[in-house]
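Undergrad: Input: one structure, supplied below.
The values are calculated or read from the model by the stated rules, or taken from the named source; none is laboratory data. This one's a predicted model, so the numbers in the text were calculated from it and none came from an experiment. Counting neighbours? That spans all protein chains shown, and the Cβs are built from the backbone with ideal geometry, glycine included.
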């Protein structure tokens, strides 16, 4: 067990690091915010088209489905760390630098997009076929049918965003390796390389609290939205 | 009487499961509807009846082109739907309501919003939608359920929402695909009364698919008897009896 003096020494060490900790929090929120938003947008569109081009849907097209599915599988096959390295020329071209939270956000966004695309496809598949048919029989435009699909799948989609967000949070720790910064990076630099175990423990607890909070809000919202 | 629906030599086949091959090794095409011609009059309640696999649902779905026929014409109120562009077909569909065995209501929208949705799709004037939805819910006696979600309703209530939704844009034709097959006998009776009232009050032409003889006897003016994709005959329904004349047709209408 920790004695009183050890505990207060640990708190002193953490307090001495307060600036780094605050910066790490901000960097993590930047990475999480940008990458989740971009992944929802790109991955959402990709997932919708994956679904619509699949068998028996109104854009049914084996070639399109094959191409979209192939790209998705290929991108998902990349180990995250390798994707970061492979994408560095690309991130340099877009944000001017290969390091920092913004550059890391880009890599996270791409990895998250293709992950999310499959989740969206799967959620849309669970909407009963008859609802799409009923909407078609009314003479609805394709865009309206897509809106109906998303609305019927909304609670599953919210849970998928929750999963995406938590995955990106854990990926963002690895993004520290290319100087992405953030909590994971701090935990490795101080907690591992400098043997400051209390920093490691503190950050792991903070990350756990974040995961719990994200999951709980996702569950709450999904429940509220589910009228099935 | 005018013909509201005319089917001219419509056919439909589906590609079978890959495991089934013809003798020459080519994929097998399953014929769901052999060349069929039918005329259904304005204001009529017309039944499509037969056992499973008779092609009755496919025939119904040809009428609003949920299935596109391989050949033949589908003429609704004087317009051949097979010649229409995608956007003209959408407009034509505003004139053809449809209800389903599994109701197919949008579960994340209230009863009110389910009915209002069809009006919005049909381009109904926005400021009149509220009144029209309430009028339609009044017809099916569900005004007190307007704010409920489908999951909170019984099967019979769900089907009445389906009817309200389908008739909201004042279609000339109402297609009913096994509308009572998921309902108990008492609910079936009240639903048939509801359909009969709608037919009489609004003059909408109803085409109903069913495998239940009693539904045809209680509701329909005439019924097409179908067997293995072929139209056997169109029988009159008089005094609650189906007047079948062909031997297979007579076999079909023997009460189950």
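Undergrad: The conditions are (1) exposed (fewer than 15 other Cβ atoms within 10 Å of the Cβ); (2) modelled with pLDDT of 90 or more, and residue A:24 fails exactly one of them. Which is it?
TA: The number of the failed condition is (1).
Undergrad: Taking segment A:92-151 only, how many residues are closer than 20 Å to residue A:185 by Cα and either in a loop (DSSP other than H, G, I, E, B) or within 14 Å of another protein chain (Cβ to nearest Cβ) (or both)?
TA: 4
Undergrad: Looking at segment B:188-196, can you tell me whether even one residue there is buried (at least 21 other Cβ atoms within 10 Å of the Cβ) and within 14 Å of chain A (Cβ to nearest Cβ)?
TA: no
Undergrad: Restricting the search to segment B:90-108, which residues are out of contact with any strand residue (DSSP E or B) (no Cβ under 9 Å at 6 or more places or on another chain) and more than 7 Å from every other protein chain (Cβ to nearest Cβ)?
TA: B:103, B:105
Undergrad: If I filter segment A:151-165 down to residues being in contact (Cβ under 8 Å) with a residue 24 or more places away in the chain and over 18 Å from the mean Cα position of the chain (by Cα), which single residue comes out as surrounded by the fewest Cβ atoms within 10 Å (Cβ to Cβ)?
TA: Result: A:153.
Undergrad: Cβ-Cβ under 6 Å, sequence separation 6+ or interchain: first residue in segment B:193-208 and under 17 Å from residue B:237 (Cα atoms), partner part of a helix (DSSP H, G or I) and modelled with pLDDT of 95 or more. Which pairs?
TA: Taking only residues 6 or more apart or on different chains, the pairs are B:206/B:199.
Undergrad: A follow-up question, please. For the structure I just gave you, tell me whether residue B:80 is surrounded by fewer than 19 Cβ atoms within 10 Å (Cβ to Cβ), over 30 Å from residue B:248 (Cβ atoms) and outside the structural domain of residue B:177 (by TED's automatic domain parsing).
TA: Values: surrounded by fewer than 19 Cβ atoms within 10 Å (Cβ to Cβ): yes; over 30 Å from residue B:248 (Cβ atoms): yes; outside the structural domain of residue B:177 (by TED's automatic domain parsing): no.
Answer is no for this residue.
Undergrad: Sticking with this structure for a sec: Just one of B:121, B:140 is more than 11 Å from chain A (Cβ to nearest Cβ), within 23 Å of the chain's Cα centre (by Cα) and crowded, with 21+ Cβ neighbours inside 10 Å; which is it?
TA: Only one candidate passes the filter, namely B:140.
Undergrad: Within the bounds of segment A:172-195, is there any residue that is within 10 Å of another protein chain (Cβ to nearest Cβ) and without any contact (Cβ under 8 Å) to a residue 12 or more places away in the chain?
TA: Scanning segment A:172-195, I find no residue that is within 10 Å of another protein chain (Cβ to nearest Cβ) and without any contact (Cβ under 8 Å) to a residue 12 or more places away in the chain, so the answer is no.
Undergrad: Residue B:160 passes all but one of (1) in contact (Cβ under 8 Å) with a residue 40 or more places away in the chain; (2) over 22 Å from residue A:153 (Cβ atoms); (3) in contact with a helix residue (DSSP H, G or I) (Cβ under 7 Å, 6 or more places away or on another chain); (4) not in a loop (DSSP other than H, G, I, E, B); which number fails?
TA: (1)
Undergrad: Looking at residue A:189 and the list (1) over 16 Å from residue A:28 (Cα atoms); (2) over 19 Å from the mean Cα position of the chain (by Cα), which single condition is not satisfied?
TA: Here residue A:189 clears every test but (1).
Undergrad: Which numbered condition in (1) within 14 Å of chain B (Cβ to nearest Cβ); (2) buried (at least 23 other Cβ atoms within 10 Å of the Cβ); (3) out of contact with any strand residue (DSSP E or B) (no Cβ under 7 Å at 6 or more places or on another chain) is the only one that residue A:168 fails?
TA: (1)
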